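Participant: There's a structure below that I have some questions on.
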Amino acid sequence: MIPISVCIITKNEAEYLEQCLKALKPYPFEIVVTDTGSEDNSLEIARQYTDRVYEFAWIDDFSAARNFCISHATHDVILSLDTDEFLRPLDWDALQRAVEEHPQSLGAIELLSYFDVDGETKHQVVRLERLFNRRFYHFVNAVHEVLVPIDSMESSSYEAPVSVDHVGYQGSAEKLREKAERDIALIGSEIEADPENPYLYFQLGQSYMLMRDHENALARFRKAMELHPMPGADYTLVLLCNYAGILLDYNQVEEAASILPYRDAFADNKDFLCLSGRIWLRLGQPLKALPEFVQALSAPKYSLADPHTPSYYIGFIYEMFGKRDIARTHYENCGDYAPAVEALRRMDAE
């Protein structure tokens, strides 16, 4: 067996910490917890699950705290989690095979991030590189930290068979604002040191999104786009979707269309194809929009898009062309998807 240490940093998150640790107990992980200054009973909870509990004086640097935590693990293979991330049921044998087959690569775990919109809970699916061998990688960046090679080794990654539920974007508006303001201050310092890094502007925009400040978010996303983010970066799809989504909400369709050259990089992603289709529709070109939604039907990857969205828009376009029977079929394929239900109700009333 390849031993694996789960490393967690925490501060004043006792409400989540026990659930996080409890989800790990069915598996033979070593658990390492580093507390960065809790004033609640986080330390007491952590010690109920592991004897490897350490304290680290907070210095406004998440990477420093994470690197301190992994240095206290007794194993080289590390799975890094946050307190508000709860491991979903795991195939331990599949995880062992993945680690064995990719000894010097970064494992990108699946993260299901939950958030509330108008009283409804939704989730976004992303992959983040969190499984690694500490002999080859360490964390950098004071906030929204990332793993990079320790030496000149070229980084590589694979999809690790690990899924977690992330609840950090839920909670009171006051709590989310406090978190966003903390991150904005830290990212500002990072940008001063590295002003041409599109990832930092993306994360700054994400912090404003957390505060529901879309105007400031758009300004930061626009700056990130001006710096030409690489299509292969793990954040680029979220950047494109949030940037263009705000622009469509603001009726700035021509600027939203600036994301279309990225299509080849995300031709297998339902989110991007649906976004591309919506842009073509708003540009008044339904014949260019239709193939995007048709391809989205079978696209294997998605982060946020409702699986019924492509069928709804295909129905919408056929209805535009007067093909009501075909439109009805696609609307009915959407089940209880609200826009399709409303479309059918409208058609029945006509």
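Participant: Could you check region 323-346 and list, in sequence order, the residues that are over 29 Å from Y114 (Cα atoms) and either at pLDDT below 95 or basic (K, R) (or both)?
Facilitator: Of everything in region 323-346, those that are over 29 Å from Y114 (Cα atoms) and either at pLDDT below 95 or basic (K, R) (or both) turn out to be K323, R324, R328, R345, R346.
Participant: So for region 295-303 (the condition being surrounded by fewer than 15 Cβ atoms within 10 Å (Cβ to Cβ), over 28 Å from H166 (Cα atoms) and out of contact with any Cys (no Cβ under 6 Å at 6 or more places or on another chain)), does at least one residue qualify?
Facilitator: No, region 295-303 contains no residue that is surrounded by fewer than 15 Cβ atoms within 10 Å (Cβ to Cβ), over 28 Å from H166 (Cα atoms) and out of contact with any Cys (no Cβ under 6 Å at 6 or more places or on another chain).
Each row is one residue, and each column tells you yes or no for (1) under 15 Å from the mean Cα position of the chain (by Cα); (2) not assigned by TED's automatic domain parsing to the domain that holds F136.
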position	(1), (2)
S152	no, no
V162	yes, no
R177	no, yes
G188	no, yes
I191	no, yes
P198	no, yes
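Participant: Return yes or no: is E110 in a helix (DSSP H, G or I) and of a type in the set (D, E)?
Facilitator: No: the conditions fail for E110.
Participant: To continue, here is another question. I'd like the full set of residues that are free of Cβ contacts under 8 Å to residues at least 12 places away in the same chain, more than 23 Å from V125 (Cβ to Cβ) and in a helix (DSSP H, G or I), limited to region 293-350.
Facilitator: D325, I326, V341, E342, R345, R346, D348, A349
Participant: Can you go through D336, D264, D348, D268 and tell me which one is touching a strand residue (DSSP E or B) at 6+ places or on another chain (Cβ under 6 Å) and surrounded by fewer than 15 Cβ atoms within 10 Å (Cβ to Cβ)?
Facilitator: D268
Participant: Continuing with the same structure: Mind checking which strands (runs of 3 or more DSSP E) fall wholly inside region 10-89 and carry at least 2 residues that are touching a Lys or Arg at 6+ places or on another chain (Cβ under 6 Å), free of Cβ contacts under 8 Å to residues at least 12 places away in the same chain and not acidic (D, E)?
Facilitator: none
Participant: All but one of (1) out of contact with any Gly (no Cβ under 9 Å at 6 or more places or on another chain); (2) closer than 19 Å to G171 by Cβ hold for T34; state the number of the condition that does not hold.
Facilitator: Evaluating T34 over (1) out of contact with any Gly (no Cβ under 9 Å at 6 or more places or on another chain); (2) closer than 19 Å to G171 by Cβ leaves (2) as the failure.
Participant: Considering region 129-181 alone, what residues qualify as being surrounded by fewer than 17 Cβ atoms within 10 Å (Cβ to Cβ) and assigned to a loop (DSSP other than H, G, I, E, B)?
Facilitator: R135, I150, D151, S152, M153, E154, S155, S156, Q170, G171, S172
Participant: Can you confirm whether region 52-64 contains a residue that is of a type outside the set (K, R) and crowded, with 23+ Cβ neighbours inside 10 Å?
Facilitator: In the first step, residues of region 52-64 are kept if they are of a type outside the set (K, R); the result is 53-64.
Then drop every residue that is not crowded, with 23+ Cβ neighbours inside 10 Å, which leaves none.
No, every residue in region 52-64 fails to be of a type outside the set (K, R) and crowded, with 23+ Cβ neighbours inside 10 Å.
Participant: Sticking with this structure for a sec: Say whether the condition of being farther than 22 Å from L210 by Cα, surrounded by fewer than 20 Cβ atoms within 10 Å (Cβ to Cβ), out of contact with any strand residue (DSSP E or B) (no Cβ under 7 Å at 6 or more places or on another chain) and in the same structural domain as W280 (by TED's automatic domain parsing) is met by at least one residue in region 233-244.
Facilitator: No, region 233-244 contains no residue that is farther than 22 Å from L210 by Cα, surrounded by fewer than 20 Cβ atoms within 10 Å (Cβ to Cβ), out of contact with any strand residue (DSSP E or B) (no Cβ under 7 Å at 6 or more places or on another chain) and in the same structural domain as W280 (by TED's automatic domain parsing).
Participant: Also, quick follow-up: Please specify each residue of region 207-241 satisfying the condition of being out of contact with any Leu (no Cβ under 9 Å at 6 or more places or on another chain) and among the polar types (S, T, N, Q).
Facilitator: S207, T236, listed by residue number.
Participant: If you check L95, L111, L87, which single one turns out to be within 23 Å of K301 (Cα to Cα) and at pLDDT below 95?
Facilitator: Only one candidate qualifies: L111.
Participant: Quick one: which helices (runs of 4 or more DSSP H) lie wholly within region 204-292 and hold at least 2 residues that are touching a Lys or Arg at 6+ places or on another chain (Cβ under 8 Å)?
Facilitator: Output list reads 236-249, 253-256, 270-282.
Participant: Tally the residues that are surrounded by fewer than 17 Cβ atoms within 10 Å (Cβ to Cβ) and either closer than 22 Å to H75 by Cβ or in contact with a helix residue (DSSP H, G or I) (Cβ under 9 Å, 6 or more places away or on another chain) (or both), restricting the search to region 31-41.
Facilitator: 2
Participant: Something else about it: Any chance region 13-34 includes a residue that's under 24 Å from L186 (Cβ atoms), under 21 Å from the mean Cα position of the chain (by Cα) and of a type in the set (D, E, K, R)?
Facilitator: Yes, some residue in region 13-34 is under 24 Å from L186 (Cβ atoms), under 21 Å from the mean Cα position of the chain (by Cα) and of a type in the set (D, E, K, R).
Participant: For L87, only one of the following conditions fails: (1) over 30 Å from F266 (Cα atoms); (2) crowded, with 20+ Cβ neighbours inside 10 Å; (3) not aromatic (F, W, Y). What is its number?
Facilitator: With (1) over 30 Å from F266 (Cα atoms); (2) crowded, with 20+ Cβ neighbours inside 10 Å; (3) not aromatic (F, W, Y) applied to L87, the lone miss is (1).
The values are calculated or read from the model by the stated rules, or taken from the named source; none is laboratory data. All values derive from a computational prediction rather than experimental measurement. When we count neighbours, we look across all protein chains shown, and the Cβ atoms used for this are built from the backbone with ideal geometry, even at glycine.
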